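One structure below.
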């Protein structure tokens, strides 16, 4: 039992350390985006997005952050 607890603790610590490499924590301010059809004809479903600011480090999709609405882990590397 102690080994399971130790393994779980180490996994959580490693995940948290990896998250700090890129993300600084998801932006707590967000807004709803209505569904729309893009210029290429693709329909984009309604979703929630972080409010614009001067960094991409706190966007839901940026590596190290988690979308609180879907639980999805960010995978994108920020461009700036």
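The values are calculated or read from the model by the stated rules, or taken from the named source; none is laboratory data. This one's a predicted model, so the numbers in the text were calculated from it and none came from an experiment. In this analysis, Cβ positions are derived from the backbone assuming ideal geometry, glycine residues included, and neighbour counts consider all displayed protein chains.
So here's what we get for this one:
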quantity	calculated
Of the criteria (1) modelled with pLDDT under 90; (2) surrounded by 12 or more Cβ atoms within 10 Å (Cβ to Cβ); (3) on the phi < 0 side of the Ramachandran plot, which one residue 33 fails	(1)
Failed criterion for residue 8 (all others in (1) modelled with pLDDT under 85; (2) loosely packed, with under 11 Cβ neighbours inside 10 Å; (3) at positive phi hold)	(3)
Condition met for residue 80 (assigned to a loop (DSSP other than H, G, I, E, B) and exposed (fewer than 10 other Cβ atoms within 10 Å of the Cβ))	yes
